[in-house]
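See below for the structure under consideration.
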Amino acid sequence: MKKLLVSACLLGEPLRYDGNDNAGKASHLKSLLSQWQEEGRVIPVCPETLGGLPTPRPPAEILAATGSMVLDGDARVATRQQVDVTDAFIRGAEETLILAKKHQCGAALLAARSPSCGNNLIYNGSFNGTLVKGDGVTTALLKRNHILCFSPDNPAPLIQWMEQD
């Protein structure tokens, strides 16, 4: 039985940086996520809280780089006030990977555009809403470890993966 890491905020947990959730971004997947949860196939996760950050917390972005560059030590994650939160983001990514391995998750459904969970698109670090190509820190680490990463913005590949034997 395939298991899926899911950003807890997509499941309605109020863990976003602002203390809200992202359930609305996955509302089109609600019935499937509920079914998979009932089947014991969903492992909720919030990399930022696993990394030790509080909720709510100041918004953070990867500064003019990608999650891979953060993991390689070539970039950092900071708040708008330039408080460096890189270590917490890396620690959260590592804890998420530990959970993925423990529960044998082959894939993850992650909150779009997040500096942790963004998949293919993240904010550019200027805090002006500009998106750039790249992955968040957790997504980059999961991909490095051959865990598929999906976004609620494009659910078809996720559904196909979960329904394959």
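Straight-line cross-link partners of K133 among the lysines, defined as a Cα under 16 Å from its Cα and at least 8 positions apart when in the same chain: K143. Here the dipole of region 6-47 is about 120 debye; that uses its Cα centre as origin and unit charges on the Cβ of Lys and Arg (positive) and Asp and Glu (negative).
What does the charge dipole of region 3-163 about its Cα centre add up to, to the nearest 20 debye, if the Cβ of each Lys and Arg holds +1 and the Cβ of each Asp and Glu holds -1?
In total the dipole reaches around 120 debye.
Put a dot 7 Å past the Cα of M1, heading toward its Cβ, do the same for S27, and the two dots end up 3.0 nm apart.
In this entry, region 3-163 is assigned a mean projected area of 8.3 nm², taken as a quarter of its C-alpha convex hull surface.
Helical content of the chain, expressed as a calculated mean residue ellipticity at 222 nm, amounts to -9000 deg cm²/dmol (DSSP H runs of 4 or more residues, -39,500 (n - 2.57) each, divided by residue number, nearest 500). Between D18 and D87, what's the calculated FRET efficiency when r is the beta-carbon distance and R0 is 30 Å? Round to 0.05. The calculated FRET efficiency here is 0.85. Annotation: amide H-H contacts under 5 Å for L121 (H modelled 1.01 Å from N, sequence separation of 5 or more, or interchain): R113, G134. Could you compute the net charge surrounding A23? Neighbours are other residues with a C-beta less than 11 Å from the C-beta of A23; K and R count +1, D and E count -1. Surrounding charge for A23 is +1.
Each value in this text was obtained by applying a stated rule to the coordinates, not by laboratory testing. Quick caveat: nothing in here was measured; it's all calculated off a predicted structure. Ideal geometry is used to build each Cβ from the backbone, glycine not excepted, and the neighbour counts take in all protein chains shown.
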